[in-house]
Ligand SMILES: Nc1ncnc2c1ncn2[C@@H]1O[C@H](COP(=O)(O)OP(=O)(O)O)[C@@H](O)[C@H]1O
Ligand SMILES: [Mg+2]
């Protein structure tokens, strides 16, 4: 069953006379529990796609169905609820609250998510239990991104959205973070949508979507995706 | 190019820009306004003292002074000029008004300033030079005729000029009347010739030259020197008062001193807040412009140009604020000092020009220099190091673990509490400024409304309660025997009082002897509680108690004027009183062998016989009415303070709130992405404001009471005021402060609806 369905979705930015079509009449259907990689050059509309799906932005035209529910017509409060319950976000920048400790940053989601997971377990899973009382500024970039992953998964969302999660990390740390992200999400059976430039990751994906100029160029299903261990990093 | 950038910066931070301009305008305005007030009053009163020859000393004699006496005084080494002087309260024909009929044989001393009509002539047989304020209040014009009478003597003449005189600068019949009431009391000058014509031959034969009870003297001598020389020259001990013992000098000086006191507190508060606002805001603005500053540097702009750019920004704010402030300052000055302004109902000046003391201009220039330096220093901090360093965005202080995080209680706090608590400590200057703004707001509200409560309670005790009679009947002490007075008091079912002038050391006071059987007059102790006079000794007013370090249980020695007799009596209590007086009951005075002549009868009865030994009658209503203008002024001032407090609160809190909002924008965007509702995030923002408000109010209450107490103590030279704060003051000041804070908080927290999550998170951390 399709967990995500884009029907004729457009997102247009208007800047005076100038009109920028970040997404141009996109139709898309994604299966539950799949690992989806989105590829495309800078400015293609990848982030826009993810933001629409994550309920951070609303389409100018078209409908977006998540679990059969139209999220394009929700009110701001309903959207907040949707984000709290259904999607986890990992961005290129870690977006942690600087005045909260690591454990508090993760535990934050308990305030809003309907069935959150234990923050301790999540921190243990990302290997940061010992740092739980540190502030984000006391951690390295890779560690901060791991906190961000723990927070996204602690919500126990249906879908995990990752927008260039390793973009700000050196390649070694980036690979480590990606491996962690993928193994955890797969173990938990989440639907993962990830925007990345890493070709290796694409080999592991169930589906690879290529975006260009706001349009879906291709959407290939890979029948035999490689496992994490099989990839030659 | 940079200039364009300057204006764009102004526009971009318009909320901050406007806040800073308003705060500086308020600071400069209040500073200038208060200083203009006392300084202009100082200059204008000195001018009229000078122009009308206000006397430095007044020598009194019941038997009057001859021309020979005047010659003797003029011969004293150190005396510049002198005059024989008469001022007597006369009744206006067909009216209940009183006019102080005044004659000065040498108008260079205790003279007049002509406002309208013809010049004074000392040989004019029928000219009256009338107080222009009295004339205006009673519809009298130049050319009208006027008749006044004193006992059997009637003086009729024509109003030839309208005048002002420094001798009547504060035109009240006696100290108990706080405010002038020109509808019923004024003064008029006539020539010595007209006075002599008016006095029947017979009188003059008997009295001779004794018409003039006073010699007024201009001299630079000290009081001690003058008293010694005058007594020697006149060959007798005379009652001599210096100018500080006159209402027209003491109260006007008091008003100036009051202005200086007020001018040293409120403006400092406003200026301090303005400068602190500027410091914090400039720092934030340059911090958030840090990468831009770095870009300029990387592009090859010299540090000096960049420094100049931001210094100019600060200077523009300073200049705009100062300009606006100068307007506010003069407006404030004009509000208090103008022909139909508040002060004019009290002090009778010919003109009300505004002058700003020179130092205020220096201070305003210094403020602008200081602000420019603030701008300079804030940007220099961001410029430090290489262009690459400057290009790196400004990183706020690292979060530190608070000592209290180790406590169990902290661990159990909700995340929003932790968040806010750490945020407060992380941005200490911002939190401190918020507190400061709220404390300032509270001080203004508690101080302003407390001042009114205090005045209200003061008036209530001293007038509404202490005056329990409807009429005060003043007797002609020279023509009435005590037996007649007792009979009159009995007939009118009233109480009575006798007054004597006495001296303690070389200072003049009044001895008041009361017989109170019908509760027509009441007294209040130092705590403003009504008490019943005991027959066991004398009461002194709190100012005598303070000046001579006396308390109940001590004894006090005084001597009646003009004699060497010394009377020592036990002090059994201290009274809060409008006059500097010693009070005792008639029973005690009789026992102590103190003689007296009844001068006043207090009654509720309307059927007061006219003429005879009765000089005039004053009603409680007319006394109370004279406070109307005063209370009006008071209320206006309170409104000004309340408005100032609200503006101050809104501007300071809004500015800081916007700052806090900008600084936490990214954090709020993150919370929003995670799935927090707008209202929840708004609450998070507002809660911090509310904490600081509560703390600010808790500090502001004692601070407000402290400032008010300081003001009252500083003003106590005029009259004793006991600090009173009504429940309404508590309630209104707390609720208003809270309300302002809440309203500003809501205004800002509503903004989080418009947070653009996508844009907020796109930017680099
Ligand atoms: N807020 C905005 N205003 C105008 N244009 C925008 C805005 N955000 C994105 N765009 C434009 O939309 C297009 C797609 O952007 P984005 O989805 O961020 O691309 P990417 O594939 O690099 O993530 C780009 O051309 C970008 O310039
Ligand atoms: Mg992108």
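Overall form of the stretch B:400-494: prolate. Here a/c, set by the Cα gyration tensor axes a ≥ b ≥ c, is 1.5 or more, and a/b is the larger of a/b and b/c. How would you classify the protein assembly as shown from its alpha-carbon gyration tensor, with a ≥ b ≥ c the square roots of the eigenvalues: rounded for a/c under 1.5, else prolate if a/b is greater than b/c, otherwise oblate? Judged from the Cα gyration tensor, the protein assembly as shown comes out prolate (a/c at least 1.5, a/b above b/c). Structural descriptor for chain B: relative contact order 17 percent, calculated from alpha carbon pairs under 8 angstrom and at least 6 residues apart.
Taking the fewest neighbouring Cβ atoms within 10 Å as the starting point, the ordered list for B:348, B:303 is B:303, B:348. Peptides A:63-73, A:120-130, ordered by how many other C-beta atoms sit within 10 Å of their residues on average, highest first, read A:120-130, A:63-73. Taken as Cα centroids, the stretch B:722-747 and the stretch B:218-297 sit 30 Å apart, rounded to the nearest whole angstrom.
Between the stretch B:19-92 and the stretch B:329-353, the alpha-carbon centres lie 17 Å apart. If one takes the longest principal axis of the Cα atoms in chain B, at what angle in degrees, from 0 to 90 and to the nearest 10, does the Cα axis of helix B:2-12 lie? In chain B, helix B:2-12 runs at an angle near 80 degrees to the longest axis. Between residue B:413 and residue B:50, the FRET efficiency from the beta-carbon distance, with R0 = 60 Å, is close to 0.30.
Simple spin-label estimate for residue B:731 and residue B:551 gives 3.8 nm between the two label positions (7 Å along the Cα-to-Cβ direction from each Cα).
Note on residue A:111 and residue A:171: the extension gain reaches 18.1 nm, defined as 0.36 nm multiplied by sequence separation minus the Cα-Cα distance.
Per-residue Cβ neighbour counts within 10 Å put B:118, B:512, B:47, A:104 in the sequence B:118, B:47, A:104, B:512, beginning with the fewest. The order of the peptides A:154-165, B:549-560 by mean Cβ neighbours within 10 Å, most packed first, is A:154-165, B:549-560. Axis of helix B:482-491 versus longest Cα principal axis of chain B: the two differ by about 60°, to the nearest ten degrees.
Taking every DSSP beta bridge that has both ends in chain A, the antiparallel portion is near 60%.
Of all beta bridges DSSP finds with both residues in the protein assembly as shown, what is the antiparallel percent, to the nearest 5? If I count the DSSP bridges inside the protein assembly as shown, around 70 percent turn out antiparallel. At 222 nm, what helix-only mean residue ellipticity would chain A give, in deg cm²/dmol to the nearest 500, using -39500 (n - 2.57) for each DSSP H run of four or more? Mean residue ellipticity at 222 nm (helix-derived): -8500 deg cm²/dmol. Looking only at A:13, A:94, A:82, which one moves most when chain A is put into a Gaussian network model with springs between Cα atoms under 10 Å? Highest fluctuation of the listed residues: A:13. Does the stretch B:471-605 come out rounded, prolate or oblate, given a ≥ b ≥ c as the square roots of the eigenvalues of its C-alpha gyration tensor, rounded meaning a/c under 1.5 and, failing that, prolate meaning a/b above b/c? The shape class here is oblate.
Among A:111, A:81, A:31, the residue with the largest mean-square fluctuation in a Gaussian network model of chain A, with springs joining Cα atoms closer than 10 Å, is A:111. Counts of other chain beta carbons within 10 angstrom of each beta carbon in peptide B:678-685 average 1.
Working from label points 7 Å from Cα in the Cα-to-Cβ sense, the residue B:525 to residue B:355 distance is 4.8 nm. For the stretch B:516-574 and the stretch A:99-162, what is the centre-to-centre distance using only Cα atoms, to the nearest Å? For the stretch B:516-574 versus the stretch A:99-162, the Cα centre distance is 79 Å. Within 10 Å of the Cβ of each residue in A:99-109, the mean number of Cβ atoms contributed by other protein chains is 4.
Approximating the spin labels as points 7 Å out from Cα along Cα→Cβ, the residue A:120-to-residue B:88 distance works out to 10.3 nm.
In chain A, the longest principal axis of the Cα atoms and the axis of helix A:76-86 are about 60 degrees apart.
Between residue B:636 and residue B:501, what's the calculated FRET efficiency when r is the beta-carbon distance and R0 is 51 Å? Round to 0.05. The pair residue B:636/residue B:501 has a calculated efficiency of 0.85. Using a cutoff of 8 angstrom between alpha carbon atoms and counting only pairs six or more residues apart, the relative contact order for the stretch B:471-605 works out to 40 percent.
Summed over qualifying helices (DSSP H, 4 residues or more, each -39500 (n - 2.57)) and divided by its residue number, chain B shows a 222 nm mean residue ellipticity of -17000 deg cm²/dmol.
Taking every DSSP beta bridge that has both ends in chain B, the antiparallel portion is near 80%. Rounded to the nearest 0.05, the FRET efficiency derived from the C-beta distance between residue B:592 and residue B:714 at R0 = 41 Å is 0.65. Taken residue by residue and averaged, Cβ atoms of other chains lying within 10 Å of the Cβ of A:76-86 number 4.
Fewest-first ordering of B:60, B:432 by other beta carbons within 10 Å of each residue's beta carbon gives B:432, B:60.
Each value in this text was obtained by applying a stated rule to the coordinates, not by laboratory testing. Nothing here was measured: the structure is a model prediction, and the numbers come from that model. Here the Cβ is made from the backbone with ideal geometry for all residues, glycine too, and neighbour counts use every protein chain on show.
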